[in-house]
Amino acid sequence: MPVLTSDDMCPVCKMIRYLNKDMEFLINPECYHSMCSNCVNRLFNDGPNQCPYAGCHKTLRRKGFRSAFFGDLTVEREVDIRRRVAAVFNRVEDDFETLRDYNNYLQMVEDLTFDLVSGTDARRHDAEATLQQWEASHKAEIERNRKAGRDADEMTRRRVNAEREAARQRRVDALREAEDEKVERARSREAELDSLAQGAAPGGGDGQRVQLKRPGPAAGSSLASASFSSASGALADVGRLSIRGLKEKRKPAAAEGPYDPFGGMDFVPSRYRVREGLDHPWLNKYRLDRSYATGGYTFNEYTHRAMFEAFAGLGVFVDDEKEVGIGLSAREVATIGAGIAAVGDRMELD
């Protein structure tokens, strides 16, 4: 036979949950004694009555019974006491001149709560009297702070709802943009297929590609696009002259040399040359010092780094990069530079 616990048997009528699956246990904050709902209805439906527990002389009423939120009734009692104390001592930090005064106020409230929860009968009686006296003498202030707390909670609730609504609207806008982009892509593809069916060029005339909206900054430069518009038309004309069915000519495989982790990049400087055995009194002073050479430091690294830092950036022309744009290839830069040189001073800016 399984062992019965206090949650399975009513202490008053001794009814077990095995015989009544719908049995519900209720408590009253006056004494926190648990009993089933049948006992509560049987004992307190006709009016107030004494608690049926032996030694408990509390007078209980039917409307005071409720279901326990926590399984441990000690925790349930402490939470109720803290909620009651917090409703009376509801001052905030802005009501005090200094942080120390606010901390002293919190310490006083915590001491009072401890006496109500775990104090002796005398200390519990004194704490209860202090709580009732404070509530009676500061009734208007307590109500004002309670109203301010409700207003703050309402503002917080509205702000959270506004943030949620804004996030929902952003998601809806993102989905709408994605759907519009999908429709625009399908429309562009249909336009290309129609132009191909009519025998027009894929890249020009009425079959021009429709630029889709993409998130982020626009790529490329308007000056570079204008310079290469004629080249794109020439490449389109060459593409129409391709012949199908020709065998692909395979290029002979080039002899592969040893593996180079730098991919053939040459790190030899082109603007200067460092001579070996550079003799300088200031360098010789530290070159002969064992405290510098013992750790493996070589002064050749120092001279190479000093020369590299001295010549770094000499081949960079910021004004030219601003004029032709950044991120262009050497061929594009040469073409744009030739166009700028041909126009000269006659170029007018809007």
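The values are calculated or read from the model by the stated rules, or taken from the named source; none is laboratory data. Note that the structure is a prediction, hence the values are computed from the model and not measured. No Cβ is skipped: glycine too gets one built from the backbone with ideal geometry, and neighbour counts run over all protein chains shown.
Here is a yes/no grid of residues against (1) outside the structural domain of F25 (by TED's automatic domain parsing); (2) out of contact with any helix residue (DSSP H, G or I) (no Cβ under 6 Å at 6 or more places or on another chain); (3) touching a residue at least 40 places away in the same chain (Cβ under 8 Å); (4) charged (D, E, K, R):
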{"site": "A87", "(1), (2), (3), (4)": "yes, yes, yes, no"}
{"site": "R100", "(1), (2), (3), (4)": "yes, yes, no, yes"}
{"site": "L106", "(1), (2), (3), (4)": "yes, yes, no, no"}
{"site": "F114", "(1), (2), (3), (4)": "yes, yes, no, no"}
{"site": "V117", "(1), (2), (3), (4)": "yes, no, yes, no"}
{"site": "E128", "(1), (2), (3), (4)": "yes, yes, no, yes"}
{"site": "S137", "(1), (2), (3), (4)": "yes, yes, no, no"}
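Of all residues in segment 152-186, how many are within 28 Å of N90 (Cβ to Cβ) and either polar (S, T, N, Q) or not in a helix (DSSP H, G or I) (or both)?
Taking segment 152-186 as the starting set, the residues that turn out to be within 28 Å of N90 (Cβ to Cβ) are 152-163.
Imposing the further condition that a residue be either polar (S, T, N, Q) or not in a helix (DSSP H, G or I) (or both) reduces the set to 156, 161.
Residues that pass the stated criteria total 2.
On the basis of being surrounded by 12 or more Cβ atoms within 10 Å (Cβ to Cβ) and within 30 Å of R146 (Cβ to Cβ), does V12 make the cut? Let's see the steps before the verdict.
Working: surrounded by 12 or more Cβ atoms within 10 Å (Cβ to Cβ): yes; within 30 Å of R146 (Cβ to Cβ): no.
No.
D94 meets each of the listed conditions (1) assigned to a helix (DSSP H, G or I); (2) within 23 Å of R77 (Cβ to Cβ); (3) modelled with pLDDT under 90 apart from (2). Of the residues making up segment 60-84, those that are surrounded by 14 or more Cβ atoms within 10 Å (Cβ to Cβ), farther than 19 Å from M35 by Cβ and of a type in the set (D, E, K, R) are E78, R82, R84. Restricting attention to segment 111-135, which residues are under 18 Å from N90 (Cα atoms) and either exposed (fewer than 10 other Cβ atoms within 10 Å of the Cβ) or not aliphatic (A, V, I, L, M) (or both)? Passing the criteria: D111, T113, F114, E128, T130, Q132, Q133, W134, E135. Cβ separations smaller than 8 Å between residues 6+ apart or across chains give the following pairs from segment 175-188 residues that are among the small types (G, A, S) to residues that are modelled with pLDDT under 95 and surrounded by 10 or more Cβ atoms within 10 Å (Cβ to Cβ): S188/R209; S188/V210; S188/L212.
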